[in-house]
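One structure below.
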Amino acid sequence: MPCSFYITAAHKSSGKTVVSLGISAALNERSLKVQTFKKGPDYIDPIWLSQASGKPCYNLDFFNMSNDDIVGLYSSNASKSDVNIIEGNKGLYDGISPTGGDANADLAKLLNVPVILVIDVTGITRGIAPLLTGYQEFDKGVNIAGVIFNNVAGDRHELKLTQATNYYTDIPILGSIRRSNELVIDERHLGLMPANEAPESQRFIDRAAKHIANQVDLEQIITLNQQVVQSTAPVVSTTKKSLTVAVAKDSAFGFYYQDDIDAFKLQGVDLVFFNTLTDAKIPQSDALFIGGGFPEMQLEALSANTPLLNDIKTKIEQGLPAYAECGGMMYLSRQITYKGESHKMVGVIEADTLMTSKPIGRGYVKLSPTDKHPWNGVAEQIYAHEFHYSKLENIDPKTHYAYEVLRGVGVDNKCDGILNYNLLATYTHLRSVGGNHWVEQFVNFIKDKLS
């Protein structure tokens, strides 16, 4: 039976991602099959977790997934592994609703997995006791199976924390991680630096694994919970592979949900990946998909790759079905301006992108399709999310949109989903779950255009 546990904290920026990475990598080095999951709409942490575990990470999200969706996705992947690690977002009891129902605690209860609290103990000694007992008492349905102290100053600090925890609580201490510059990942406006941009990401993961192996009781952790996970039979595509979709994947574009990638394959689609920084043309394909990322960090290289810019523009203008999200939409605009410098982009969207110092749109969104939406079968309400420190300017007033924004920002606080030729480009990140099977809709759209 696989071991499963949930890593969360009292608040964000406590070090739970580094701890999750270190545990994943350390157990992977022991030749254990480690499957990771991430709560919420995050892209960056899953890239790191996938690299650390050696297996794709899956997102679990109350906002756009039903409980059945969550349990199904979790079970179908957890049953194949020796160890399942779910990394939370924010704190154990933090969520949208002030009365709960969508917090890390609720996900841990839904999946029946024990919780490991990572506590940043900077400036804390005896105060650890009321913090831990408070978290236990707040929801007794949550199984807090252990605590890991992070940013411990030294032996004396650890002793005080240990004495207080053992005297006042019954929570096992699973580790005590010393403060170290080696365990700091560069941060950017949306969180951690993506691993696909960090050339030394594997070296960082290796260092984290070493620190964790030396300072965390891995043997005790993997015996916390031997969970019986009901295996869900995988859906096998019976469709003959007849479509090919070119997907941008490199240090500029890397924000893709693994279950969306899986959904393309279940639709009988071959995905061929290309590099926007180095490839002169997109691969021979029936459609194009450019996800999110941080194109602003690669502007010179993107702009200098004129052959690819021209190839993408020409093929979309010739009718190639295409879908782009956030960073992908920015790339398809006329130019991106960042820190006062403008760089030419594809230019198939009649608008300019301006990077901003503060978030323009950040969080969950609700959309309603307009009568211009080109895909069939779109739900009346779509639950998704957006994260962008940019906005579009000088938009062609004749622009048509696929969505009305009911919650969130989108392009202009009212609309999202720019339509041009057979292109749909949006600030919103869609997820092919629940009532929003966008991958199937896009694939059917591609088939219609080929027929």
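Determine which single condition residue 150 fails, assuming it passes every other condition in (1) modelled with pLDDT of 95 or more; (2) touching a helix residue (DSSP H, G or I) at 6+ places or on another chain (Cβ under 7 Å); (3) in a loop (DSSP other than H, G, I, E, B).
Only one criterion in (1) modelled with pLDDT of 95 or more; (2) touching a helix residue (DSSP H, G or I) at 6+ places or on another chain (Cβ under 7 Å); (3) in a loop (DSSP other than H, G, I, E, B) is unmet by residue 150, namely (3).
Could you count how many residues in segment 331-350 are surrounded by fewer than 23 Cβ atoms within 10 Å (Cβ to Cβ), outside any strand (DSSP E or B) and under 27 Å from the mean Cα position of the chain (by Cα)?
1
Looking only at segment 186-227, which residues are part of a loop (DSSP other than H, G, I, E, B), within 26 Å of residue 74 (Cβ to Cβ) and at pLDDT 60 or above?
217, 222, 223, 224, 225, 227
Looking at this structure, is residue 301 surrounded by 21 or more Cβ atoms within 10 Å (Cβ to Cβ) and either in contact with a His (Cβ under 8 Å, 6 or more places away or on another chain) or part of a helix (DSSP H, G or I) (or both)?
The answer is no for residue 301.
In segment 278-288, what residues are closer than 29 Å to residue 41 by Cβ and either surrounded by fewer than 17 Cβ atoms within 10 Å (Cβ to Cβ) or in contact (Cβ under 8 Å) with a residue 60 or more places away in the chain (or both)?
Once the filter is applied, which keeps residues that are closer than 29 Å to residue 41 by Cβ and either surrounded by fewer than 17 Cβ atoms within 10 Å (Cβ to Cβ) or in contact (Cβ under 8 Å) with a residue 60 or more places away in the chain (or both), segment 278-288 yields 283, 286, 287.
Select from segment 154-178 the residues that are in a helix (DSSP H, G or I) and of a type outside the set (Ser, Thr, Tyr) and list them in ascending order.
155, 156, 157, 158, 159, 160, 161, 163, 164, 166
Pick from 319, 328: which is in a loop (DSSP other than H, G, I, E, B), out of contact with any His (no Cβ under 6 Å at 6 or more places or on another chain) and within 25 Å of residue 442 (Cβ to Cβ)?
319
Just to be sure, is residue 358 under 23 Å from the mean Cα position of the chain (by Cα), under 16 Å from residue 411 (Cα atoms), exposed (fewer than 15 other Cβ atoms within 10 Å of the Cβ) and of a type outside the set (Phe, Trp, Tyr)?
Spelling it out, residue 358 is indeed under 23 Å from the mean Cα position of the chain (by Cα), under 16 Å from residue 411 (Cα atoms), exposed (fewer than 15 other Cβ atoms within 10 Å of the Cβ) and of a type outside the set (Phe, Trp, Tyr).
Taking into account only those residues within segment 1-34 that are outside any helix (DSSP H, G or I) and of a type in the set (Gly, Ala, Ser), which is farthest from residue 55 (Cα to Cα)?
Among those residues, the one meeting the criterion is 10.
Consider residue 84 carefully, then state whether it is assigned to a strand (DSSP E or B), surrounded by 19 or more Cβ atoms within 10 Å (Cβ to Cβ), out of contact with any Gly (no Cβ under 9 Å at 6 or more places or on another chain) and on the phi < 0 side of the Ramachandran plot.
Considered against the rule, which asks whether it is assigned to a strand (DSSP E or B), surrounded by 19 or more Cβ atoms within 10 Å (Cβ to Cβ), out of contact with any Gly (no Cβ under 9 Å at 6 or more places or on another chain) and on the phi < 0 side of the Ramachandran plot, residue 84 comes out as yes.
Can you tell me which residue within segment 387-418, out of those that are in contact with a strand residue (DSSP E or B) (Cβ under 6 Å, 6 or more places away or on another chain) and over 28 Å from residue 339 (Cα atoms), is surrounded by the most Cβ atoms within 10 Å (Cβ to Cβ)?
The selected residue is 403.
I'd like the residue in segment 35-60 that is outside any helix (DSSP H, G or I) and of a type in the set (A, V, I, L, M, F, W, C) and, out of all such residues, is surrounded by the fewest Cβ atoms within 10 Å (Cβ to Cβ).
This residue is 60.
The values are calculated or read from the model by the stated rules, or taken from the named source; none is laboratory data. If you're wondering where the values come from, they're calculated on a predicted model, not measured in any experiment. Counting neighbours? That spans all protein chains shown, and the Cβs are built from the backbone with ideal geometry, glycine included.
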